[in-house]
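Okay, structure first, notes after.
The values are calculated or read from the model by the stated rules, or taken from the named source; none is laboratory data. All figures in this text were calculated on a predicted structure; none of them were measured in a lab. Neighbour counts are summed over all protein chains in view; Cβ atoms, including those assigned to glycine, are modelled from backbone coordinates with ideal geometry. All accessible areas refer to the heavy atoms of the entire protein, side chains included, with ligands and DNA or RNA removed. Shrake-Rupley method; radii C 1.70, N 1.55, O 1.52, S 1.80 Å.
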Amino acid sequence: MAAQLTAKFPEVKVDWMKERRLKVSTSAMHVKEVGLFARSTLGFDHISTVSGVDWIAKNELEVVYFVGSTTPGQEDFILAISERIARDNPVVPTMVEVWKGAEYHERETHEMFGINFQGHPDQSHLFLPEDWNELPPLRKDYVSPGR
Amino acid sequence: MTLEAEYSPDADRIMSVSLGPQHPGAGHFRIKLWLDGDYVVRSEPDAGYVHRGEEKMSEYRNYIQNVPHLERPVILDSSNILFAYALGVDELMNNKVPQRAQYLRVIMSEANRIISHMYFLAIQGLFLGHTTMITWCMGDRDFWIDLAERIGGARVTFAYIIPGGVRNDIPPSAIEKGLNTCDWFDKRMDEYEKIFFRNPMVHQRSDGIGVLSREDAIAYGATGTVARASGVSVDVRKDEPYSAYEDFEFKTPVMTQGDVYARAYVALLDMRESVKIIRQALKKLPQGPVRLKLGPQPRVPAGEVYSRTEAARGEMSYYIISDGSPRPYRLKIGVPSAKNLRVLPLLLRNVHVADIPPIYWGLNYWPVEADR
Amino acid sequence: MVVAQQQKSGAFQVLVGKIDDVLQYAIGDPMRYLANWGRLYSLWPVHLETACCSVEIGAAAGSRFDMERFGALEAFGSLRQCDLLIVMGTVTRKLAPRLKLVYDQMAEPKWVIAMGACSITGGLYFDSYNVLRGIDDIIPVDVYVPGCPPRAEAFLQGLVLLQEKIRRAPSLSGR
Ligand code: SF4
């Protein structure tokens, strides 16, 4: 699996979080191609969740897509596709066309981290109140009131 | 607006209605509906009424302090949400959890699955106009709560499964009580089948309502009972056996209709398997310690982990990043309700208004869990 | 002239006051008691679930605890007919305006039970960015039921306390 990916996309970095958990680090430019390849060729058709991470020391934001598979024999395999972008202008392409289920997960990541998903159908607030006008709450420089 | 483009000839016939947050059919949750007469033409879920910022809060607390608040989102199923967390932290810390603790974790998580499914069936009975189901299920659920209370010491929030094992050993009296409850519940489930699942009224109200096809279930990332009712055999307990699940014999119930009826029936079949697992686990319970001594502020090496378990509603997953400090750097809770939420607007299309509550509740959607 | 009138009306007022006292004693108190007694065993709660404490309400309404025997229905119906608002747990920033709206729409007399640590002080979520620290900032509360979640029995006790409060209400309006 890892070999297949690196053969197709020489620029990606793969490492194993553990057995059967493969993390693929790529850039915002290639993430969609990697996603399409993972879905159609490698059989990762079932989106599990999408997470953002704020690496404030490196001034970067990370988006990680966790995808599983319903293909027999690789249900236990989780592929994590990650991309990193600069913190000041976080724009990444949306993966809704690849996995339709990513829509609400991306919407959540947008409101929690302020990451813009280009081409996303609707990025209004899902969990936060409509009138939220502070920093996105899961950014590290947002300090919770009461703390 | 897309709606007007779609329905332009009679655009003014479309009426928009909001269902919830104060509505008997939708607690802590609102569904925006666009109706044409009695038909729903489009719908949009509006979540977030219970968003409490769990993920931010966990960055302020250490790994042990995180236990109590992490089980609150899904209080119906509190052991399973902690199970995934405990697995993740154990993996980060390289804990060798004792075998007895593994068994107790399984027992508690399966008992919780039953407690959660009973609540689901009770309310589903209410929404389908079957009052016997709510009184029976709510009453019988309490017997399982009694058992869980004897093991975990609380009615719903046990904080029983913790990193490094379980909080306390099982009292000897609970083993016999557990076996008795299993025997009694097996008979009870036959009665549910007779009175509810073979009831023509229930069939009429739920057959072919809110059908989710197999392809859509996969594409939209549905998990748990929703996916299994649509013929997708996803079950983390089987796919990636964690804890002691390899030691037990059980099946993954799968149905193919994908309608409201199938989603309720899969829950019943799930409970049958859970009873089987609990019985095996209670009989084979090994001896030994039940937890490792970690101390109040365990040292967790830097690293990242993605752990998952099969909760009552589907795949519960945690993405934990540790930077070596006492608190998690990032903790993402991937809850099954949030995964199933995308399915709701798909199903609430071209259905009657009267079918909204069973379809909504049929997803086994728990808003507190989805909002976190 | 003016003084005489004042004297007269003064005497009249004293008379009115006496009659009022007598009437109050003979009719008012029993009336108040009767009206409040009628209210107390037919409480209609609003179905507004705010967070996880609603699970214990479900259990309290279920067949083991059966809150109907205390004269409170498991709520269904319009909130215009309801007179009891049970705040079942956390109130978030998004829900707070809706909670106020629901409370304002209910007809008088109305009572509020704050159930769970969250609705009393914010509970576990004292440092969350989206949670209100106690609902008494926005609506008046009659009975507090502490716990996280309160057991079904604790909730029922809160209900009984509220009934006791209604029984002793000093006025006909029930408050
Ligand atoms: S008091 Fe506890 S159980 Fe009740 S809403 Fe708050 S966290 Fe949930």
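Things to note:
- Some residue of segment B:159-171 being within 16 Å of the ligand (Cβ to nearest atom), of a type in the set (A, V, I, L, M) and at positive phi: yes
- Matching strands (runs of 3 or more DSSP E) fully within segment A:43-112 where at least 2 residues are farther than 23 Å from B:R52 by Cα, facing chain B (nearest Cβ under 10 Å) and open to solvent by less than 10 Å² (accessible area, probe 1.4 Å): A:60-68, A:78-86
- Selected residue (criterion: farthest from the chain's Cα centre (by Cα)) from residues of segment C:95-111 that are within 15 Å of the ligand (Cβ to nearest atom) and either more than 14 Å from C:T50 (Cα to Cα) or open to solvent by less than 10 Å² (accessible area, probe 1.4 Å) (or both): C:L95
- Filter result for C:G62 (small (G, A, S), closer than 18 Å to C:A152 by Cβ and away from the ligand (no atom under 16 Å from the Cβ)): yes
Per-residue answers, yes or no, for (1) under 15 Å from B:P367 (Cβ atoms); (2) under 21 Å from the mean Cα position of the chain (by Cα); (3) within 16 Å of the ligand (Cβ to nearest atom):
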site	(1), (2), (3)
B:S43	no, no, no
B:N62	no, no, no
B:V67	no, yes, yes
B:A101	no, no, no
B:S109	no, yes, no
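- Extreme residue, surrounded by the most Cβ atoms within 10 Å (Cβ to Cβ), among residues of segment C:15-38 that are charged (D, E, K, R) and at pLDDT below 80: C:R32
- Selected residue [within 11 Å of chain B (Cβ to nearest Cβ), surrounded by 20 or more Cβ atoms within 10 Å (Cβ to Cβ) and under 26 Å from B:L126 (Cα atoms)] from C:F155, C:F65: C:F65
- Residue in segment C:135-143 that is within 12 Å of the ligand (Cβ to nearest atom) and open to solvent by less than 20 Å² (accessible area, probe 1.4 Å) present: yes
- Qualifying residue in segment C:66-86 (condition: within 16 Å of the ligand (Cβ to nearest atom) and closer than 24 Å to C:Y125 by Cα): yes
- Of all residues in segment C:112-132 being within 20 Å of C:L84 (Cβ to Cβ) and not in a helix (DSSP H, G or I), the one that is nearest to the ligand (Cβ to nearest atom): C:M115
- Flag if B:S325 is assigned by TED's automatic domain parsing to the domain that holds B:R72, free of Cβ contacts under 8 Å to residues at least 12 places away in the same chain and either open to solvent by 10 Å² or more (accessible area, probe 1.4 Å) or among the hydroxyl-bearing types (S, T, Y) (or both): yes
For (1) in contact with a Lys or Arg (Cβ under 9 Å, 6 or more places away or on another chain); (2) part of a loop (DSSP other than H, G, I, E, B), each residue gets a yes or a no:
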| site | (1), (2) |
| --- | --- |
| B:R228 | yes, no |
| B:V234 | yes, yes |
| B:K238 | yes, no |
| B:Y242 | yes, yes |
| B:E246 | no, no |
| B:V254 | yes, yes |
| B:Y265 | no, no |
| B:M271 | yes, no |
| B:Q280 | no, no |
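- Residues located in segment B:338-360, provided they are closer than 21 Å to B:I14 by Cβ and either within 18 Å of the chain's Cα centre (by Cα) or of a type outside the set (V, I, T) (or both): B:L344, B:P345, B:L346, B:L347, B:L348, B:R349, B:N350, B:H352, B:A354, B:D355, B:I359, B:Y360
- Residue check, B:L179 of a type in the set (A, V, I, L, M), over 19 Å from the mean Cα position of the chain (by Cα) and surrounded by 23 or more Cβ atoms within 10 Å (Cβ to Cβ): no
- Test set (1) part of a helix (DSSP H, G or I); (2) crowded, with 18+ Cβ neighbours inside 10 Å - B:L212 fails condition number: (1)
- Scope segment B:300-313; condition within 10 Å of another protein chain (Cβ to nearest Cβ) and not β-branched (V, I, T); matching residues: B:G303, B:E304, B:Y306, B:S307, B:R308
- Screening the candidates C:P149, C:P140, C:P170 for the property of being assigned to a loop (DSSP other than H, G, I, E, B) and closer than 24 Å to B:P367 by Cβ yields one hit, C:P149.
- The listed residue being surrounded by 18 or more Cβ atoms within 10 Å (Cβ to Cβ), at pLDDT 85 or above and under 25 Å from C:A59 (Cβ atoms), out of C:G116, C:G122: C:G116
- Residue, farthest from the other protein chains (Cβ to nearest Cβ), within segment A:113-147, restricted to residues that are open to solvent by less than 40 Å² (accessible area, probe 1.4 Å) and in contact (Cβ under 8 Å) with a residue 60 or more places away in the chain: A:I115
- Whether a residue is among the charged types (D, E, K, R) and within 14 Å of chain A (Cβ to nearest Cβ) was assessed, and B:D247 does not pass this test.
- Within segment B:345-361, not a single residue is within 14 Å of chain A (Cβ to nearest Cβ) and part of a loop (DSSP other than H, G, I, E, B).
- Picking from residues in segment B:30-62 that are farther than 23 Å from B:S317 by Cα and part of a loop (DSSP other than H, G, I, E, B), the one that is most open to solvent (accessible area, probe 1.4 Å) is B:D38.
- Selection of segment B:303-322 for residues being buried (at least 23 other Cβ atoms within 10 Å of the Cβ) and among the β-branched types (V, I, T) yields B:T309, B:I320.
- Residue check, C:E49 within 16 Å of the ligand (Cβ to nearest atom), part of a loop (DSSP other than H, G, I, E, B) and open to solvent by 10 Å² or more (accessible area, probe 1.4 Å): yes
- When residues of segment A:16-36 are limited to those that are assigned to a loop (DSSP other than H, G, I, E, B) and among the aliphatic types (A, V, I, L, M), the one farthest from the other protein chains (Cβ to nearest Cβ): A:M29
- Inspection of segment C:115-128 identifies at least one residue that is small (G, A, S), on the phi < 0 side of the Ramachandran plot, out of contact with any His (no Cβ under 7 Å at 6 or more places or on another chain) and touching a residue at least 60 places away in the same chain (Cβ under 8 Å).
- For segment B:314-331, a tally of residues being touching a strand residue (DSSP E or B) at 6+ places or on another chain (Cβ under 9 Å) and either more than 13 Å from every other protein chain (Cβ to nearest Cβ) or part of a loop (DSSP other than H, G, I, E, B) (or both) returns 2.
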